[in-house]
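Working notes, beginning with the structure itself.
Since every read-out is calculated from the coordinates, none of them should be taken as a lab result. What you are looking at is a predicted structure, and each value in this text was computed from that prediction instead of being measured. For neighbour counting, all protein chains shown are included, and Cβ atoms are generated from backbone atoms with ideal geometry for every residue, glycine included.
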Amino acid sequence: MVGFSINKESTVEKDLSQRWQQEWQKNPKRNLCVCYDVPKEEVMQAIEKGAGSLEEVSSQTYACQGAGCCERQVERLLAFYRAHQQSAEDEESN
């Protein structure tokens, strides 16, 4: 067996980083939070403007203040954005 290693962590981070860009392509006008009619686009803009936690996104957009069924989606977007930012920082340092 030929020995080489693939850094799984960086591959996963790269995939997550690409997911942030893909989310902008996937129907950003649809409501992410149905309780308060908050579109995914508004949540993503709040994240890009500095909302780094579920609580910060919620206070800026009203998402997750109803039944909470969109919390996992917001957390997923936060993870995608963190990976996207990390990838951009890594590219700048190389």
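Report the local net charge at C33: Lys and Arg +1, Asp and Glu -1, summed over other residues whose C-beta lies under 11 Å from its C-beta.
Here the count lands on -1.
Would you please report the Å³ per residue occupied by the convex hull of the alpha carbon atoms in region 12-93?
79 Å³
Straight distance only, please: which aspartates and glutamates reach the Cα of K26 with their own Cα at less than 13 Å, same-chain residues fewer than 8 apart left out?
K26 reaches E41.
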